[in-house]
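J.: Structure in C-alpha cells, see below.
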Amino acid sequence: MLCLSVRIHSYTFFFSFFFFLLLGILGEDALLPAPQNISILSTNMKHFLTWSPVIVQGETVRYSVEFQGEYEREYANESWISICECSLITATVCNITEDISATVAYNLRVRADVGTRRSEWGTLKGFFNRITTSLTPPLMKVIADGYHLLVELEDMGPAFQFCVVYWKKEHKSSHIKSGTVKPKVSSVVHLDTMEAGADYCVKAQTYVEAINRSSSFSQTQCVRAQGNTVAALALPFLTWKTCKIFQYSCCPVAVLPDTLVSFFTVLYQFLGCWVVTGSWGRQKKQTHA
C-alpha cells in the first residue's frame, strides 16, 4: 500500500512538471492576452483606433493593426490588410484615417507581440463607418475692413467646405444671405460690402461632401461697419476735392506778367508780317519773271 501511494505521488509530480514545462515551451502564446477595450475616436474625418495596453513585466509589448473593408469581406475571401504605419508599434493608438477611404463598414483588429510570442487578435465590436464621424463647427473670425465684411475660416483640410450665413443685424428675418465657401489659397473670404455704421452678424458650419453631412452652426459673431451715413455721403466730395488739390499742386495754371504778354504779342505780330511779306515778295518776283 505504501509503495502504491509513492508511485501515485511520483506520477502526479511527473505529469505536473511535464505539463508546466510543455506549457512554457509550446503554450506561451496563450499566456499573452489579446488587447482589450478596442474603440474608435473619430472627429472631423480623422479616425484613430485605441486599445488598452497589454502588461508584461520586464518586456516591451508591440502591437499590429489590420483592417477589413467591404471589398475584402465580399470579394477577397474575407482577407485582412495590415496597416504598415501600425505594425509592431509600442503606442496604443493607431491613425487609420488614410486607410478608411470609403464610406462603407470596416472591421478592425489588434494583436500584441512580445519577442516570438503573440496574442490572439482583439477585434473591434461591431463595424466602423466614417459617416459616423463627429463634425464640429469651424473656428472663425469676422472682420470689418472699412466697408468690407470679411470672415477668416479655419483650414480643416481639402474635404471640408463651409456654409456661411450672414445678415444685417436689425433686419435678420428679411436680409439673411448664405453661400458655400471652399477656401483654396487664402482662408479669408469677402462676404459683402456693408452699409456705414450698420451691424452685421455671421455664423458658419462645416460640410463634408464625401459623407453628405454638416456640423452644427458656430456661435454668431457680429461687427460694425466703420463711419456713418453722413460720412459715407461726404466721401465722394472729399475724393473729388483731394484730386483737384493734387491737380493744381502738380500742374498749376501760370499767369504771365504784363511785360512778357506784350513781348510775345509784338513777337507774334512781327513773325506773322515777315511770313506774309516774304511769301508775297516771292510771288511778285515770279510774276515779273
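The values are calculated or read from the model by the stated rules, or taken from the named source; none is laboratory data. All of these numbers come straight from a predicted model, not from anything done at the bench. Cβ coordinates were reconstructed from backbone atoms using ideal geometry, including for glycine residues, and neighbour counts include every protein chain displayed. These area figures cover heavy atoms from the full protein model, side chains too; ligands, DNA and RNA do not enter into them. Shrake-Rupley method; radii C 1.70, N 1.55, O 1.52, S 1.80 Å.
J.: Every residue in the stretch 175-224 that is among the acidic types (Asp, Glu) and open to solvent by less than 60 Å² (accessible area, probe 1.4 Å), please.
T.: We begin by selecting, within the stretch 175-224, every residue among the acidic types (Asp, Glu); these are 192, 195, 199, 209.
Within the stretch 175-224, 192, 199 meet the criteria.
J.: Considering only residues that are touching a residue at least 24 places away in the same chain (Cβ under 8 Å) and aromatic (Phe, Trp, Tyr), which ones fall in the stretch 72-113?
T.: 80, 106 - these are the residues of the stretch 72-113 that are touching a residue at least 24 places away in the same chain (Cβ under 8 Å) and aromatic (Phe, Trp, Tyr).
Residue-wise test of (1) assigned to a strand (DSSP E or B); (2) open to solvent by 40 Å² or more (accessible area, probe 1.4 Å); (3) within 30 Å of residue 210 (Cβ to Cβ).
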| residue | (1), (2), (3) |
| --- | --- |
| 42 | yes, no, yes |
| 48 | yes, yes, yes |
| 54 | no, no, no |
| 60 | no, yes, no |
| 67 | yes, no, yes |
| 91 | no, yes, yes |
| 100 | no, no, yes |
| 104 | no, no, yes |
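J.: Something else now. Looking at this structure, is residue 227 touching a helix residue (DSSP H, G or I) at 6+ places or on another chain (Cβ under 7 Å) and either at pLDDT below 90 or surrounded by fewer than 18 Cβ atoms within 10 Å (Cβ to Cβ) (or both)?
T.: On the way: touching a helix residue (DSSP H, G or I) at 6+ places or on another chain (Cβ under 7 Å): no; either at pLDDT below 90 or surrounded by fewer than 18 Cβ atoms within 10 Å (Cβ to Cβ) (or both): yes.
No: the conditions fail for residue 227.
J.: Being over 30 Å from residue 165 (Cα atoms) and in contact with a Lys or Arg (Cβ under 6 Å, 6 or more places away or on another chain): is that true of residue 108 here?
T.: Numbers: over 30 Å from residue 165 (Cα atoms): yes; in contact with a Lys or Arg (Cβ under 6 Å, 6 or more places away or on another chain): no.
No: the conditions fail for residue 108.
J.: All but one of (1) over 30 Å from residue 211 (Cβ atoms); (2) modelled with pLDDT under 95 hold for residue 75, so report the exception by its number.
T.: Condition not satisfied by residue 75: (1).
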